[in-house]
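Throughout, read-outs are computed from the coordinates displayed, never taken from laboratory work. These numbers come from a predicted model, not from an experiment. Please note: Cβ atoms are built from the backbone with ideal geometry, for glycine as well, and neighbour counts cover all protein chains shown.
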């Protein structure tokens, strides 16, 4: 379909002159890449263990390869470094068989085999408390993983005391050193000791070494007791983590319980392997520099210019290189949706992640081939810092949520079919959707309240909290990462809170890195957040908010919520429930014994899944009642991609690996000639 940019001219003509062209010509761009896309904000790092953002994931997922990949059409797991795998009958032991032609590579052309030992090292590093990965919890289903990362242990457990910092540049007989000097000991106890003039106490560990008790602390130099020795950290025995290399090409992972979506996690970018020699030779962050980087994915990172672009090139050593059709890819750091659209319309990029809300109606009206909003497993919501009064009062948080006119936001700002949301988990997961429907039907909870009723209730709650008509309510801030749509939504909500509740808020827009840091450190009042499902299960949204979760970042804690989230991982049918299912199946006529056994297995599986879904639904109801987050809407994908781009599939996570994407050069030449953009 012809790109009728004339109809979009009123929306971005001025910015076209001063925005996109300025962005392009203010830099000396390299020769055009085979494929170029606007990636949103500049990435923080290419270390899989320390990042959490989608912009980083789109780079990391193409320069590294994990055990598995996701099929780009429907996201089912497909072989990656692991060419095959088996899952034990009880669902708790995974055995991965690694391909022998998988290689590490760098720009200089050096290569090394990728082995099971690389994954053991990488997963242990990922769980290291010093790394403090915000995604560490996704491996907590592995035996010993949570205790290792959190440092929980009992008297007599073996521990490793790291006495010194690891060297940054050490090679000994060709083998890099993972840590500083290590001391093997037995754990005795730990206590917190107050440090004069400091808010945070020191943790003092008592350990036993050859029958002698000693005390260690990372803050020993700040304590008066000189018998306490200095250490970097005290770790559980790393061998307690049930991740083993059975040989160079066989990896075994043992879980504490069967987890239905665990296999899907093996394709998630934080679980990409990293090269031990590279990491420990150069140290962080130097090992992530282009000239030092060693990766194993379909692409290598050839260059990076901060706040500009990353150039990726095809990895000639990748095991499946015949399925990599792009020789060069440019990943542009473009935080402005308007600038990204301008670059797209002028032929500078082939794919943009989203479009400015102002042009959505015109794009839909044109029924364009390259703009097809689709369901997206993602939620737009506000985090609330529940440690700061008056936001520590759930009545205040509920009042803030009740007066937001979500329909006005989706009708007048986003305008692409987004769904107003009062719950966090998006629709589209069959078991969970059924659990919600069954609850509404059985409870009779189907009557929607009017906006007038919601506003009245919000005003009552605010008055009950001690702020009638907003009197005495201090000015607070609403943080968001700088973006036109986020700002427009924040401005509308700011006005609604002022008009309906009489409270004032200040809007604070920050660039991506600063925004993430403020949110992670809880240096905010209310913060805009978007969360894309990491896998197709409600748990990917709900386990964010367990009390000690690294992604919680609200300060909210609820013991009942924590219990339900943990319980969901262990849900099984009890004897009476299983007997009821079996009785129903056995009553079916005209089926053979073999067919009855198959049906029984399927029925038990379905009943178990539904029981689990109901447990998660109950947890979400607590989240909605306590309101540490304020859901706003559920996304739809709003990407634009050129018709000559082949191998690009619109899936529910809007995830598009570059491997398999190709450019129909003849179609591209005809298309761009017709548009007159080149």
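Mean separation of Cα pairs under 8 Å and 6+ residues apart, divided by the residue count of the chain: what relative contact order is that in percent? Don't jump to the answer; show the numbers that get you there.
Values: 1258 pairs, mean separation 121.7, N = 678.
This gives 18 percent for the chain.
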Quiz prompt | Helix-derived mean residue ellipticity, 222 nm - over the chain, DSSP H n ≥ 4, -39500 (n - 2.57), to 500 | solution = -9000 deg cm²/dmol
Quiz item: Taking a label point 7 Å from the Cα of residue 412 along the Cα→Cβ vector, which residues of segment 504-521 have an amide N closer than 20 Å to it?
Solution: 504-507
Quiz item: Cα atoms only, segment 213-269: Rg and Dmax in Å?
Solution: 19.3, 51
Exercise. Place a label point 7 angstrom from the Cα of residue 130 along the Cα-to-Cβ direction, then list the residues of segment 272-293 whose backbone nitrogen is under 20 Å away.
Key: 273-289
Quiz item: What is the gain in length, in nm to one decimal, between residue 559 and residue 579 on full extension, counting 0.36 nm per residue of separation less the C-alpha to C-alpha distance?
Solution: 4.0 nm
Quiz item: How far is the Cα center of segment 652-668 from the Cα center of segment 408-473, in Å?
Solution: 38 Å
Self-check item: Stretch gain in nm, segment residue 392-residue 307, where the contour uses 0.36 nm per residue and the Cα spacing is subtracted
Solution: 26.9 nm
Exercise. Calculate the tail of P(r) for segment 188-303: the fraction of all Cα-Cα distances greater than 19 Å, expressed in %.
Key: 69 percent
Quiz item: For segment 78-122, list residues with backbone N below 12 Å from a point placed 7 Å from the Cα of residue 71 toward its Cβ?
Solution: 78-79
Quiz prompt | For segment 527-678, convex hull volume per residue from C-alpha positions, Å³ | solution = 228 Å³
Quiz item: Using every alpha carbon pair in segment 488-603, what percent of pairs falls into each 10 Å bin from 0 up to the bin containing the largest distance?
Solution: 10, 23, 23, 17, 10, 12, 4
Exercise. Provide the descending list of Cα extents for segment 65-277 along its principal axes, expressed in whole angstroms.
Key: 61, 44, 35
Quiz prompt | Whole-Å semi-axes of the ellipsoid equivalent to segment 20-120 (Cα gyration tensor, √5λ, descending) | solution = 34, 18, 13
Practice problem: Provide the packing ranking of 409-422, 85-98, i.e. peptides ordered by the mean count of other C-beta atoms within 10 Å per residue, highest first. | Solution: 409-422, 85-98
Practice problem: Once you have the Kirkwood Rh of the chain from its Cα pairs, apply Stokes-Einstein at 25 °C and 0.890 mPa s and quote D in µm²/s. | Solution: 89 µm²/s
Practice problem: Report the extension gain between residue 84 and residue 229 in nm, rounded to one decimal, defined as 0.36 nm multiplied by the number of residues separating them, less their alpha carbon distance. | Solution: 47.4 nm
Quiz prompt | Efficiency of FRET between residue 499 and residue 590 - r from beta-carbon atoms, R0 60 angstrom, step 0.05 | solution = 0.35
Self-check item: Mean-position separation - Cα centroids, segment 222-249 and segment 73-87, in angstrom
Solution: 33 Å
Exercise. Can you tell me the equivalent ellipsoid semi-axes for segment 312-376? Use √(5λ) from the Cα gyration tensor, largest first, whole Å.
Key: 30, 15, 10
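Just order 310-319, 576-585 by mean Cβ neighbour count inside 10 Å, highest at the front, would you? All intermediate terms of the calculation are to be shown ahead of the outcome.
Numbers: 310-319: 20.4, 576-585: 13.5.
Highest mean packing first, the order is 310-319, 576-585.
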